[in-house]
Amino acid sequence: MQYPLTEKIGNPDLLVGREKEFRKFGKWLANIPGRLSKSRALIARRKSGKTAFVQRIFNQLFRYNGTVIPFYFEFGENKIWYPNLAINYYRTFASHYISFLERDERLVTRLLSLEKIREYGVAKSLEDFVDDVDFLLQNKEVSGSHDLMWQTAYTAPHRYAAILDTRFLVILDEFQNITQYVYPDKNREGNPDETMAGSFHSISESKVAPMLVTGSYVGWLMRVISKYLQAGRLKQIPMSPYLTLDEGLEAVYKYAEFYHEPITNETALQINELCMSDPFFISCVIQSEFDDKALMTSQGVVNTVNYEISDRHSEMSKTWNEYLQMTLQKVNDKY
Ligand SMILES: Nc1ncnc2c1ncn2[C@@H]1O[C@H](COP(=O)(O)OP(=O)(O)OP(=O)(O)O)[C@@H](O)[C@H]1O
Ligand SMILES: [Mg+2]
């Protein structure tokens with residue numbers, strides 16, 4: 001299988017299970033060509049495998065080479081000037097589209113410059129590429145037009161799908177960040193534009209370029225969606241953080257094999273049970289930095305799991321600590 005989008009999980013073979021979810025999403029994806037699929041928000045708590053899942057959907061669609069073209073964009077946690085977001089977003093979209101058309105995997109991560117996108121538009125008589133790039137280049141320094149630049153970017157999948165009679169899947173990861181990191185000010189001073197998510201209000205109803213939205217902070221993401229996209233425009237799909245028992249066990253064996261950690265059949269069962277088939281928890285235990293890590297004995301497993309849960313330097317605790325800090329900050333901001 002091809003993996004043009006470099007998956008965050010690392011080695012793609014590490015991803016196990018999610019069969020039920022892939023099957024359900026498979027039906028939804030299969031209905032996109034017929035314009036029957038409504039935009040979705042994948043809702044699941046921190047570290048439950050959302051990114052792993054949506055990135056794999058990207059790679060599957062790319063490989064399948066059918067009528068639905070995937071576009072993946074992650075809203076970062078760094079402050080960004082409004083027109084730069086527009087350019088980033090547009091370059092990513094155009095590069096993913098062109099890489100799909102040309103079957104050139106490299107362009108998924110090595111994004112084309114605006115000039116190269118324009119050249120491609122000229123060579124292939126795709127005027128919209130030329131017009132959009134000209135508009136973006138001309139207006140970057142014209143302060144009154146930044147909203148139009150952003151409009152050029154965020155409407156692109158919907159517009160191109162309509163004009164070129166094709167379909168896109170617009171995958172937006174860490175969507176909630178759009179409300180906090182985009183600055184109208186060039187020096188990124190003052191306040192970010194909190195209303196940015198509202199741009200997607202009308203196009204979230206697009207059936208030619210439906211959206212698949214997800215993010216790390218469930219409460220925040222839900223607030224953003226309900227405030228700016230109105231309930232009902234994005235169908236909310238809950239995803240359990242836990243794999244099935246069998247899938248969890250498979251994850252234990254996979255991680256142990258890839259990270260060269262000796263285990264026994266008995267301790268594999270025990271790890272799966274104590275980690276409740278949560279793949280992130282399993283990966284933390286197998287890769288634990290615990291000095292006395294020993295996954296060949298029952299007591300060793302208990303101690304390692306205990307370390308991951310309770311020691312503040314462990315990967316598990318650090319992740320949850322960071323999550324709580326961010327969530328508390330949001331709660332404090334609100335009240
Ligand atoms: N299906 C899976 N098979 C194997 N490992 C998985 C699976 N799903 C998740 N993991 C493990 O859990 C980790 C976290 O997954 P991922 O980053 O996809 O979660 P997330 O829900 O996007 O997290 P965040 O809330 O931080 O955005 C992965 O790096 C991987 O180690
Ligand atoms: Mg994620």
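The values are calculated or read from the model by the stated rules, or taken from the named source; none is laboratory data. All of these numbers come straight from a predicted model, not from anything done at the bench. For neighbour counting, all protein chains shown are included, and Cβ atoms are generated from backbone atoms with ideal geometry for every residue, glycine included. Just the protein is used for accessible areas: all its heavy atoms, side chains included, with ligands, DNA and RNA removed. Shrake-Rupley method; radii C 1.70, N 1.55, O 1.52, S 1.80 Å.
Could you please give the count of residues in segment 18-47 that are out of contact with any Pro (no Cβ under 8 Å at 6 or more places or on another chain) and part of a loop (DSSP other than H, G, I, E, B)? Give the derivation first.
From segment 18-47, those out of contact with any Pro (no Cβ under 8 Å at 6 or more places or on another chain) are 18-31, 33-36, 41-42, 46; that's our starting set.
Subset that is part of a loop (DSSP other than H, G, I, E, B): 18, 31, 33-36, 46.
Summing the residues that are out of contact with any Pro (no Cβ under 8 Å at 6 or more places or on another chain) and part of a loop (DSSP other than H, G, I, E, B) in segment 18-47 gives 7.
Scan segment 186-209 and tell me whether some residue there is within 16 Å of ligand 2 (Cβ to nearest atom) and open to solvent by 50 Å² or more (accessible area, probe 1.4 Å).
Step one: filter segment 186-209 for residues within 16 Å of ligand 2 (Cβ to nearest atom), giving none.
No, there is no match, as no residue in segment 186-209 is within 16 Å of ligand 2 (Cβ to nearest atom) and open to solvent by 50 Å² or more (accessible area, probe 1.4 Å).
Quick check, is Ser226 within 16 Å of ligand 2 (Cβ to nearest atom) and either in a helix (DSSP H, G or I) or touching a helix residue (DSSP H, G or I) at 6+ places or on another chain (Cβ under 8 Å) (or both)? Can you show your working first?
Numbers: within 16 Å of ligand 2 (Cβ to nearest atom): no; either in a helix (DSSP H, G or I) or touching a helix residue (DSSP H, G or I) at 6+ places or on another chain (Cβ under 8 Å) (or both): yes.
No; evaluated as a whole, the condition is false for this residue.
Filter segment 72-90 for residues that are within 25 Å of Phe53 (Cβ to Cβ), open to solvent by 40 Å² or more (accessible area, probe 1.4 Å) and assigned to a helix (DSSP H, G or I) and give the result.
Residue satisfying the conditions is Asn88 alone.
Read through the list (1) in a loop (DSSP other than H, G, I, E, B); (2) in contact (Cβ under 8 Å) with a residue 60 or more places away in the chain; (3) open to solvent by 30 Å² or more (accessible area, probe 1.4 Å); (4) more than 16 Å from ligand 2 (Cβ to nearest atom), then give the number of the only condition that Pro4 fails.
All conditions are met except number (3).
Specify the residue that is nearest to the chain's Cα centre (by Cα); the eligible residues are those in segment 201-223 that are more than 11 Å from ligand 1 (Cβ to nearest atom) and assigned to a loop (DSSP other than H, G, I, E, B). Lay out the reasoning, then the answer.
Within segment 201-223, the first condition is being more than 11 Å from ligand 1 (Cβ to nearest atom), and the residues that meet it are 201-213, 219-220, 222-223.
From what's left, assigned to a loop (DSSP other than H, G, I, E, B): 204-210.
Values: Ser204: 17, Glu205: 20, Ser206: 19, Lys207: 20, Val208: 20, Ala209: 16, Pro210: 15 Å.
That would be Pro210.
Go through segment 41-52 and count every residue that is buried (at least 21 other Cβ atoms within 10 Å of the Cβ) and either closer than 16 Å to Lys27 by Cα or more than 9 Å from ligand 2 (Cβ to nearest atom) (or both).
Count: 2.
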